[in-house]
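To keep things clear, I will list the structure first and then write my remarks on it.
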Amino acid sequence: MSAEQLSGGDRMITHVRVNGLRFSYPGQESVLEGVDLEVLGGEKIGLIGPNGSGKTTLFMLLAGVLTPDAGSVDILGSSVTPGRFNPDLGFVFQNPDDQLFCPTVMEDVEFGLLNRGFSAGESRSMAETYLGRTGMLHLSQRPPHDLSGGEKRMVSIAGVMIMEPAVVILDEPESSLDGRSRRMLIEFLKRTDETMMIASHDLEFLLEVCGRTVMLDGGTISADGPSREIMGDRELMEAHGFEKPHSLVPHADPHHQ
């Protein structure tokens with residue numbers, strides 16, 4: 001289901017449902033210990049938690065890269081089958097170099113559609129559209145390895161979103177970006193209608209993009225609610241190793257002290 005197909009009623013459809021999800025890596029303590037989560041169509045959810053809290057693991061379970069020890073994951077009402085490609089979910093990796101491998105930007109963005117049987121003409125037209133949406137069309141003939149970190153990130157996003165998945169998950173998409181690239185990414189994500197889950201340590205980034213925040217710690221969801229309420233709760237944030245975001249802390253004007 002593409003963003004264009006998301007009408008007001010469709011936004012009440014549950015796009016992601018996680019029930020009793022448990023997972024542990026061999027020889028290690030449990031990473032997830034019974035996670036329950038529901039994401040509605042069109043929501044942008046920020047996922048926060050200390051290092052090792054299981055954010056990336058949860059994403060890999062949603063994508064079917066890992067097999068849960070117990071529990072279930074449904075995308076658009078269909079159970080996720082580990083190891084099987086799911087066109088309803090797109091995954092933007094933390095490191096864009098793990099995602100870009102073709103000789104040119106255009107070929108990279110076209111790749112998924114061509115492999116799904118779209119014609120060369122259809123693939124090229126849609127690639128131009130999504131490169132345009134991400135502001136990267138002018139780089140279409142450049143080798144990906146010649147791009148800046150921010151440009152690589154936007155091309156990676158174009159390559160995922162061209163497949164028009166119902167849900168897009170992004171693992172620390174702002175990491176290693178300079179200020180200008182970070183701002184470009186924020187403005188792009190704010191304009192999109194896709195259902196998104198974004199894991200990040202950059203709380204100010206999530207405050208701008210995500211209306212809802214889910215806190216993962218100790219293998220379970222510790223808090224879930226409006227981003228400003230969750231991050232504005234100093235006691236909650238400090239109990240889980242965070243500082244209240246600077247923008248939510250009142251500051252005196254130094255010129256009037």
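A few points about this structure:
- For segment 74-105, the set of residues classified as of a type in the set (S, T, N, Q) and within 29 Å of HIS145 (Cα to Cα) consists of ASN86, GLN94, ASN95, GLN99, THR104, listed by residue number.
- Residue within segment 170-181 that is touching a Leu at 6+ places or on another chain (Cβ under 9 Å) and in a helix (DSSP H, G or I) present: no
- Qualifying residue in segment 30-38 (condition: under 24 Å from SER156 (Cβ atoms) and open to solvent by 20 Å² or more (accessible area, probe 1.4 Å)): no
- Of everything in segment 207-224 that is open to solvent by 50 Å² or more (accessible area, probe 1.4 Å) and not in a strand (DSSP E or B), the residue that is nearest to GLU33 (Cα to Cα) is GLY218.
- Once segment 40-79 is narrowed to residues that are among the hydroxyl-bearing types (Ser, Thr, Tyr) and surrounded by 16 or more Cβ atoms within 10 Å (Cβ to Cβ), the residue that is nearest to GLU174 (Cα to Cα) is THR56.
- Here VAL73, VAL92, VAL155 are screened, and the one residue that is under 21 Å from ARG191 (Cα atoms) and in contact with a strand residue (DSSP E or B) (Cβ under 9 Å, 6 or more places away or on another chain) is VAL92.
- Selection count, segment 152-176, where residues are of a type in the set (A, V, I, L, M, F, W, C) and within 12 Å of PRO96 (Cα to Cα): 6
- Hey, ARG153 touching a helix residue (DSSP H, G or I) at 6+ places or on another chain (Cβ under 9 Å), among the basic types (Lys, Arg), surrounded by 23 or more Cβ atoms within 10 Å (Cβ to Cβ) and not in a loop (DSSP other than H, G, I, E, B) or not: yes
- Selection over segment 172-206 of residues that are open to solvent by less than 10 Å² (accessible area, probe 1.4 Å) and in contact (Cβ under 8 Å) with a residue 60 or more places away in the chain gives a count of 10.
- Residue pairs whose Cβ atoms lie under 8 Å apart, separated by 6 or more positions or on different chains, with the first residue in segment 226-250 and of a type in the set (Phe, Trp, Tyr) and the second crowded, with 17+ Cβ neighbours inside 10 Å, are PHE242/ILE48; PHE242/LEU203; PHE242/MET231.
- Picking from residues in segment 80-129 that are assigned to a loop (DSSP other than H, G, I, E, B) and β-branched (Val, Ile, Thr), the one that is surrounded by the fewest Cβ atoms within 10 Å (Cβ to Cβ) is THR81.
The values are calculated or read from the model by the stated rules, or taken from the named source; none is laboratory data. If you're wondering where the values come from, they're calculated on a predicted model, not measured in any experiment. Please note: Cβ atoms are built from the backbone with ideal geometry, for glycine as well, and neighbour counts cover all protein chains shown. To get the accessible areas, we keep the full protein, side chains included, count just its heavy atoms, and leave off ligands, DNA and RNA. Shrake-Rupley method; radii C 1.70, N 1.55, O 1.52, S 1.80 Å.
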